[in-house]
Amino acid sequence: MAVRSPLSTVDVGVENMEKRLGPLFEYLRMRHEQEGEHENDDDVIDAVVSCGREALKAARGGFHDAKALVFDAFFFAWVSHAPSVGVTPGDPFAARSLWRLSLKQFEAAVEKLELKRELRGKLREVPDVVSRKIKALLHDSLLASSDESDDENEKLFERPSNESDLHTLRNGEDTGTSSHVAENDIDVVLESVRQATRENLFTRAHLAGTSLLCSERYQESRVMRRMESTDTGAAERKLVAVLNRIRGDADDSSKQDSRALAVELVQLLLTSPEMTLSRLVRIASTNASQAPFLLSAFSAQPGIPRMQTEQHEPSRMLMELACLLHKPPAELKGFHSLKGLMTLTEALCRPRGVLQDANDNGGLFGHKRLSIPSRAQFDHRHVLLFIVIPALSLTVDETESEFEFWALRILQTLLTGFEEETGETPFLCSPSGTRMLRATYPGGILLALASRVDSRAGVVAERTRELAAQLLQCCVVALNSDALHGDEGVSTLVSLAHADAEAATRLSWHTRMLMETLMFRVRELHPTPTRSPPAGPSVGPGDDVSMAASALADVILLCANNYLRGADMMDMIYEQRGIEGCLKSRIERIRDNSGSSVELRRALLEACTTLLPRITAREFDVVLCDALPRLLRFVQGASQTQEHDASSRPIVVDFLTRVLLTQMSNSGKSKDIETLSRQLATAATRDGDASATDKEHHADVEFLAASYHNLRCISVALSQITAKSSKKAEDILLNAALELAGKLCDNVGMVSKVAQLFESCPDEKSKQHVSALCNAKHTENV
C-alpha cells in the first residue's frame, strides 16, 4: 500500500528542507551499507538530532510549520523502510525515496526534537491499519500526551468515528456558517494589517498581510471574495486614486506612503487581482521613477508579488510580467520600456535583506530576523521557466531583439548571484546558479547561447551577441568545474551530449570550440549519440593567397572569442608548442606563406577586410590589443623575441586604414564601412597612458609622433569618403580627427601642422571643423 507523502508537493520550503537534510541521509545510507550493525551508535544518533535541530532553525519564518516539515522528512524516511509496516514512498524516482532512518534513530529524533504532537497527528491521518502497525513498533512514551492542553487540541482533529458523524459534519459545512466566519476572518486580519502599519509594527503587518494573500487557510475565502466582487469599475477607480499618490522620492514620508499603499493593494488584490497586478506592472515599466516606490510597497507586503491563483502555480505577478515581455503592447515596445520590466523582474528576483526600518523591538538578532526569511520574491526556477527559456527556445530569426537581450540579462542575474558588473571581469556562476543550471536544461541553454554568438549576419544585435558570449563562457566554466559522473550527473550528461550532437549541424566550428573544454569530457563520459569534435573545412593545398587569408581569419576569430591567446597562436606559428588537430592545417598554411611577406600581408589584409566587420566591439578590443599587433610584426619579419609594446600602435592604425580603404574600393556595404570606421577611430584615439588628458603628456615626443601619424591616417580615410559611403562613417571619423587634433594642438608647435594637414582635404565639412579647432587652440595658447 502506498501512502502519499506531503513531500511530494513542489514547494520552496519543502525543497529547502530536502536540500538541508540531503547530506545527512546520504551519510546515513553510506553508514548503513558499510557498518549496518553500528548505525544506532551514539555518534549517529547525535548526528541525526543535531541536523534535525539545525533544520528546525533554518525553517523558521517561512509559510510552513517548521516542526511539521522536519517531522514529515524523518517520518517517511523511517516508515518507508520499515518492512513490518508495509508502506512505500509515493514517488520511487525521487531522491528522498533513498532516505532511510532506523527505528531507534527515528525515536531519538522525535523525543529530543519534541515532535511527539506531530507524531500523534500523523497517526490520526494515516489509515487505521497502518496506524496500528506503527504504534506496535514505537515506544509507549512517544504516544503519551504531555499535558491536558495537548489532549484538548488533538480532539479538534479527530476523524469521524462512523458514517453518521461524517454526514453530520458535512451537513454542518453546508450551512454556510464556516464561510461567514472566514469572511469575517479576512476583514479582521485586514484591519490588523492597517492597525499594525499605523503603529509602525511593520513585521506584524508584513506577516499578517502575506498570510492573507498567500496562506492556504484563506484560499477559499479569497475565491469567495473575488466572486462576490462584481463592480470591477469601482475597484479600478479606487486603484487609480491610490496610484495617483505615488511619489518618486525616497524620503521618510515617501516610505510611509509606500506602506500605506501596500495595505490598500492588499485589499484590492482580494477583490480584483488581475486588474490590480496588470496596472502595477505597466506602471513600473512605463514610469521608471515610480518603480522604486512600488518595490518599497512590495517589500512592506511581499505577499503582493507572491500571490498565486492556485497553490502550486507561479505567482500572478510573474505570469503578468512574462506575458508583457513575450507580447508587449504598442505602448511598451522599445528598448527602454522593456528595460523597466527587466529592472522590476530583477529586483523581485533579488534576495531581500532584513527590513531596515522594522521597529518591533526585536533587536539586532530578535524577532524580525527569525520571522522574516531573506529570500527572493520570485522563485528563480519559475523565472527561468516562464521568461528566460521561452526567449531562448525561439530561433534567432523569430526572437524580438529587445526581449532577447533583456531575457539574457535576467539569466545573468539568476546565474551570477546579483553581483555588480566589474568591467572586463568574466562572469562567474554562483553555487545556486550552477545548481539551477544543472537542474533545468543545461544543454538547451548552452545551445541557445551559442546560436546567438554564432549569428554574425546582423540579425542579432551586437549587445545581445556580446552578452550571450559572456554567459556561454560562464556556463561552460561552471558546468566543467562540477562533477559530471555519478547518478546526479546523468541527466546533465545526457542533456549536454544531445546539445553537442545538435551543435554539429547548427553551429560553426569556431563557436563549437568555445564549448570544447566541456564537450570533450562529455564525449568521453557519454559517447552516445555518436558525434565528432569540431573541425573546420580544409584550407586546401597550394600557395593561394585566399587559402592563407581563410586560415588567418579562422585563427584571428578564435583569438577574438578568447579561445586562443595571441601568445599561444605565435608559439604555434614559430613551432614552439604543439598544435591542436583542428588548427594544424591552418597554422601550417600560415607557415607556408611566411617566406613571402608580400603575399602574407595581402592575405592578412583580405582576412581582416572580411572578418572585422563581423565581430563585436568587445571582440575587436581583443584583436586590437593582442592578435593583430603580433601578426603584423610576424608579417614584417620580426623575431618572436621582439618585445610587443606601444611602438606597434601606429602600425596597427596604418593597417586598419588600409582595411577600411579596401572595403570602400570594393563598394562594401555601408554598415561594414561604419563598423570599420568605428574600429579605426577606436584604435587611433586609444592611449594606454593613464595621463593621456594631461597637457604635459601631450607634449611628449613619442605621443606627438604617434598622434600625428594617426591623425594623418584618419585624414586619408576622410578624403576617400564618397557619396556612396555612409554619412555615419564620416561623422565617426570626423569626431576621431577632432579628438586627435585637440590633443595635438595643446602643443603650440603642432597647431600649424594640423591645419596644414587638412588644407588639401576634399571634404569641406572636415576642413572647416578642424580649422575652427586650430584657431580656437591658437587663441587659447596665446
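For the range 1-55, a tally of residues being at pLDDT 70 or above and part of a helix (DSSP H, G or I) returns 32.
For the range 729-754, a residue qualifies if it is open to solvent by 10 Å² or more (accessible area, probe 1.4 Å) and not in a helix (DSSP H, G or I), and the qualifying residues are ASP746, ASN747. Look at the range 210-226: where a residue is under 16 Å from ARG316 (Cα atoms) and a partner is basic (Lys, Arg) and part of a helix (DSSP H, G or I), sitting 6+ places away or on another chain with Cβ atoms under 6 Å, you get CYS214/ARG306.
Of the conditions (1) over 22 Å from ASP687 (Cα atoms); (2) without any contact (Cβ under 8 Å) to a residue 40 or more places away in the chain; (3) open to solvent by 80 Å² or more (accessible area, probe 1.4 Å), PRO762 clears all except one; give me its number. It is condition (2) that PRO762 fails.
Tell me whether the range 572-591 contains one or more residues that are within 30 Å of the chain's Cα centre (by Cα) and either farther than 30 Å from LEU471 by Cβ or in contact (Cβ under 8 Å) with a residue 24 or more places away in the chain (or both). Scanning the range 572-591 turns up no residue that is within 30 Å of the chain's Cα centre (by Cα) and either farther than 30 Å from LEU471 by Cβ or in contact (Cβ under 8 Å) with a residue 24 or more places away in the chain (or both).
The residues of the range 447-464 that are modelled with pLDDT under 90 and either in contact with a strand residue (DSSP E or B) (Cβ under 8 Å, 6 or more places away or on another chain) or open to solvent by 10 Å² or more (accessible area, probe 1.4 Å) (or both), listed by number, are ASP454, SER455, ARG456, ALA457, GLY458, VAL459, ALA461, GLU462, ARG463.
How many residues are at pLDDT 90 or above and open to solvent by 50 Å² or more (accessible area, probe 1.4 Å) when one looks only at the range 469-490? Total satisfying the criteria: 2. Just one of (1) in a helix (DSSP H, G or I); (2) at pLDDT 80 or above; (3) of a type outside the set (Gly, Ala, Ser); (4) open to solvent by less than 40 Å² (accessible area, probe 1.4 Å) fails for HIS697. It is (2).
Whether any residue in the range 341-350 is farther than 22 Å from ASN200 by Cβ, surrounded by 17 or more Cβ atoms within 10 Å (Cβ to Cβ), of a type in the set (D, E, K, R) and modelled with pLDDT of 50 or more is what I want to check. Yes - at least one qualifying residue is present in the range 341-350. Among the candidates LEU525, LEU507, LEU493, the residue that is touching a residue at least 24 places away in the same chain (Cβ under 8 Å), open to solvent by 40 Å² or more (accessible area, probe 1.4 Å) and of a type in the set (A, V, I, L, M) is uniquely LEU525. Whenever a residue of the range 726-753 is at negative phi, its partners that are small (Gly, Ala, Ser) and open to solvent by 30 Å² or more (accessible area, probe 1.4 Å), lying with C-beta atoms within less than 7 angstrom and at least six residues away or across chains, give the pairs SER726/SER670; ASN747/ALA699. Right, GLN311: outside any helix (DSSP H, G or I) and at pLDDT below 80 or not? Against the criterion (outside any helix (DSSP H, G or I) and at pLDDT below 80), GLN311 qualifies.
What about SER538, is it on the phi < 0 side of the Ramachandran plot, hydroxyl-bearing (Ser, Thr, Tyr) and open to solvent by 80 Å² or more (accessible area, probe 1.4 Å)? In short, yes.
Table: residues versus (1) surrounded by fewer than 21 Cβ atoms within 10 Å (Cβ to Cβ); (2) in contact (Cβ under 8 Å) with a residue 40 or more places away in the chain; (3) under 24 Å from the mean Cα position of the chain (by Cα).
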site: LYS255; (1), (2), (3): yes, yes, no
site: GLU264; (1), (2), (3): yes, no, no
site: THR271; (1), (2), (3): yes, yes, no
site: GLU274; (1), (2), (3): yes, yes, no
site: ALA284; (1), (2), (3): no, yes, yes
site: GLN290; (1), (2), (3): yes, yes, no
site: SER296; (1), (2), (3): yes, yes, yes
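Of the residues making up the range 113-122, those that are under 42 Å from the mean Cα position of the chain (by Cα) and open to solvent by 90 Å² or more (accessible area, probe 1.4 Å) number 1. All of SER771, SER726 fail the test of being surrounded by 13 or more Cβ atoms within 10 Å (Cβ to Cβ), modelled with pLDDT under 90, within 41 Å of the chain's Cα centre (by Cα) and not charged (D, E, K, R), apart from SER726. Could you say whether any residue in the range 363-375 is open to solvent by 60 Å² or more (accessible area, probe 1.4 Å), of a type in the set (D, E, K, R) and at pLDDT 60 or above? Yes; the residues of the range 363-375 include at least one that is open to solvent by 60 Å² or more (accessible area, probe 1.4 Å), of a type in the set (D, E, K, R) and at pLDDT 60 or above. Note on the range 226-270: residues that are of a type outside the set (A, V, I, L, M, F, W, C), assigned to a helix (DSSP H, G or I) and at pLDDT 75 or above total 12. Report yes if some residue within the range 425-441 is modelled with pLDDT under 85, within 30 Å of ARG678 (Cα to Cα) and either open to solvent by less than 60 Å² (accessible area, probe 1.4 Å) or touching a helix residue (DSSP H, G or I) at 6+ places or on another chain (Cβ under 8 Å) (or both); otherwise report no. Yes, some residue in the range 425-441 is modelled with pLDDT under 85, within 30 Å of ARG678 (Cα to Cα) and either open to solvent by less than 60 Å² (accessible area, probe 1.4 Å) or touching a helix residue (DSSP H, G or I) at 6+ places or on another chain (Cβ under 8 Å) (or both).
Within the span defined as the range 549-562, every residue fails to be β-branched (Val, Ile, Thr), surrounded by 14 or more Cβ atoms within 10 Å (Cβ to Cβ) and more than 24 Å from LEU656 (Cα to Cα).
The values are calculated or read from the model by the stated rules, or taken from the named source; none is laboratory data. Everything quoted here is computed from the prediction, not taken from an experiment. With ideal geometry, Cβ positions are generated from the backbone for all residues, glycine too; neighbour counts draw on all protein chains shown. Note: accessible area is taken over every heavy atom of the protein model, side chains too, but ligands, DNA and RNA are not part of it. Shrake-Rupley method; radii C 1.70, N 1.55, O 1.52, S 1.80 Å.
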